[in-house]
Amino acid sequence: MNRIAILLLFCGSVMAQAAPAYQAASEKDRQFAHDIFKQLIETNTSHSVGSVTAASQEMQKRLLDAGFPASDVVLMGPNDRKQNLIVRYRGNGLRKPILIVGHLDVVEAQLSDWTTDPFQFVEKDGYFYGRGTQDIKENDAILVANFIRLRQEGFQPDRDLILALTADEENGPDDGVAWLVKNHRELLDVDFVLNLDAGGVEMEHGKPLVVGVEATEKSYADYVLTITDRGGHSSLPHPDNPIFHLSAALERLEHSPFPYELNAVTREYFSSLSSHVSAADAAAIHAVLQVPPDPAGFETLSHDTYYNALLRTTCIPTRLWAGHANNALPQTASANVNCRILPGHSPEEVRRELIRIFADPKITVRYGNFAGQLSDRAPDEKSFSPPPPRSDVIAPIQRIAAQMWPGAPVISEMETGASDSVYTMAVGIPSYGVSGIAIDNDDIRAHGKDERLPVESFYRGLDFYYWYLKALSTPEAPK
Ligand SMILES: [Zn+2]
C-alpha cells in the first residue's frame, strides 16, 4: 500500500472540503469508547501470560449491561484461556447477516523494551500508548462501543450484525476464526465478512493519502526441503554431497519464478494506479491489462518488489540447516522455503511445482503447518479466487471517506501477507479488510515497542464505523 501512497503524494490534487454531513460522536460516546479501549489495553491478552477469555468476559459484561439479550452474547472456544466472544445484533432479517471479525490477542511486549508500561493505557502528546493500540484493540473497542450506541439509539438494522472477537491471530495454536469456521459453521452463513485487522487510512505527515480496503489476500505456506546422505570423513569426499544438492536446487528456484497472474482485485488495483504512476509504469500497466496481456509489461512491473508480489506466487528460501562438524561430510541438509500463494491456488499445487523446479529425486519436499509439523502432502483446498470488489461494500466507504478524508481515494488491494480472512475466504465467503483508523506511514508500530495511536485517529475511526455499520444495514443510510 505504501507504493501508491507515495505516488499519490505527487498528484497534488486538492479537493474542496465538503461540508461534513456525518456528525462526530458526542463527548459522552467518545468517553465511553475510550473507557472500553483502556479496559482492553489493560487486559493482557498475549499468548504467554495473558487471557483472551478475560477480555471476552469484560466485553460480554458491557454488552449485557447495555441490554443485549444473554442468548446473543456468548463465549465459545476450545479452552479456558481462549474463549471467543460472539455478539449478534439482531436485525429484521431483510438481508443476509454480516460477520465482523477482530482479534483480541496481542503480540508479546516486554516492559523493559518500552518507554511506558505496554499494558497500561497511557495518553500523552496526542497519542494513546499501549500494546494493541494499533493492532487491533482500537477497532475491537470501536465495534463494541458502536454496537452499544446503536442499540441504545434504538437503531434497527435490516440484517443481523455479528461481531466475533477472537483469539490467537498473532500467536498460539487456537486461532479463533479458524476455530469458528470449523466448529460453528452456522455463524458463517453470512453475506460477507469484514475483518477489522486490515485496510485503513494511510497518512503522510498527518495528511490522509489513501483509504485502503483489503479485498483479497495471498495465503502462506512453508515447505521444508531435505536431503540426506551417509556422510563420512571430509578428507574423502564422494559425490552426492547434500549441500551441493540443496544449493543447486535453490539456485534453480531463484531462476524459476512462478508465472504472472492477475485476478479481479489486482486488475482493478492496477487500473486505478495507472493514472498516478510514471509514464513507463503506466504503459506497463496498460500492457498487462490487455487481453491477452503483453508479457513485456509484467517484466517491467516485476522489477518493483511490491508489484512483483502482487503479480505472482513467490517462493523464497528463508532458512538453512546442514552438516554436523567442520571435518565431516554432511549427513543432512535442509532449507525452509516460504511461499506466498496467489488466491485460487492450493498449497499442494505449489508443492508439486516446487518438486518440478528442484528436479532432484534425492530431495524431499514436505509441507510445514503453523505448528511446525511436517507432512508429505500439503492441503489441497484452493483458496478463494476473488470476484471484483462488491459495490455494496465499497460504495458506502467511498461516500463516508469523501467527507472524512477528502481527496484520499478508496483503493481495493490484495494483501501480500496474511490475516484471519484467509480462513473465511477459504470457505468461499467474500472477506474485506475495512478500518477507519488513520496511521502515518512512518509511525507503524504494530508488533513493535511503544505502540501508539493518535487520539484523533481513534475517535475518527469510531465515527467511521458508526456510519459504515448504519450504511450497510439500512436502506435509508445517509448518502
Ligand atoms: Zn492484527
Problem set entry | Segment D35-A66, extension gain: residue separation times 0.36 nm, minus the distance between their alpha carbons | 9.7 nm
Exercise. What residues qualify as long-range amide H neighbours of F128, i.e. H under 5 Å apart, gap of 5 or more or another chain, H built at 1.01 Å from N?
Worked result: L453, V455
For this session: May I ask you to give the solvent-accessible area per residue for segment 116-196, in square angstrom, as obtained with a 1.4 angstrom probe?
Result: 31 Å²
For this session: Go ahead and collect, in residue order, the members of segment 320-336 whose backbone nitrogen is under 17 Å from a label point 7 Å along the Cα-Cβ direction of L374.
Result: 320-324, 330-336
Exercise. On a 0 to 90 degree scale, rounded to 10, what angle separates helix 347-358 from the longest Cα axis of the chain?
Worked result: 30 degrees
Seminar exercise, completed: Expressed per residue, the solvent accessible area of segment 321-479 in Å² (1.4 Å probe) is about 41 Å²
Exercise. Which percent, nearest 5, of DSSP beta bridges in the chain are antiparallel?
Worked result: 70 percent
Problem set entry | Positive minus negative residues near Q152 (Lys, Arg vs Asp, Glu; Cβ under 13 Å) | +1
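Take W405, W321 and sort them by solvent-accessible surface of the protein heavy atoms, 1.4 Å probe, largest at the top.
Result, largest first: W321, W405.
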Exercise. Using a 1.4 angstrom probe with every protein chain in place, what is the largest-first accessible-area order of K207, K218?
Worked result: K207, K218
Exercise. How big is the accessible area of V291 in square angstrom, nearest 10, if you roll a 1.4 angstrom probe over the protein chains?
Worked result: 130 Å²
Exercise. So if R0 is 22 Å, what FRET efficiency would L94 and V427 give, r being the distance between their Cβ atoms, rounded to the nearest 0.05?
Worked result: 0.35
For this session: Lys and Arg at +1, Asp and Glu at -1: add these up for the other residues within a Cβ distance under 10 Å of G212 and post the number.
Result: -4
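Would you calculate, for the chain, the mean residue ellipticity at 222 nm contributed by helices, counting each DSSP H stretch of 4 or more residues as -39,500 (n - 2.57) and dividing by all residues, to the nearest 500?
Calculated at 222 nm, the ellipticity per residue is -10500 deg cm²/dmol.
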Exercise. So what is log10(I(q)/I(0)) for segment 228-358 at q = 0.11, 0.13 1/Å, when the Debye sum runs over its Cα atoms only?
Worked result: -0.54, -0.66
Exercise. Ignoring ligands, DNA and RNA, what percent of the 1.4 Å accessible area of the chain is carbon and sulfur?
Worked result: 53 percent
Exercise. Which three lengths, in whole Å and largest first, does segment 80-122 cover when its Cα atoms are put on their principal axes?
Worked result: 52, 26, 13
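For every other residue with a beta carbon closer than 13 angstrom to the beta carbon of P237, add +1 if it is Lys or Arg and -1 if Asp or Glu, then tell me the sum.
Values: positive: R230; negative: D229, D240.
Counting the neighbours of P237, the net charge comes to -1.
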Exercise. What percentages, rounded to whole numbers, describe P(r) for the chain computed over all alpha carbon pairs with 20 Å bin width beginning at zero?
Worked result: 22, 52, 23, 3, 0
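The values are calculated or read from the model by the stated rules, or taken from the named source; none is laboratory data. Every value quoted in this text rests on a predicted model; they were computed, and no experiment measured them. Cβ: placed from backbone, ideal geometry, glycine included. Neighbour counts: every protein chain shown. Just so you know, the surface numbers come from the protein's heavy atoms only, side chains and all, with ligands and any DNA or RNA stripped out. Shrake-Rupley method; radii C 1.70, N 1.55, O 1.52, S 1.80 Å.
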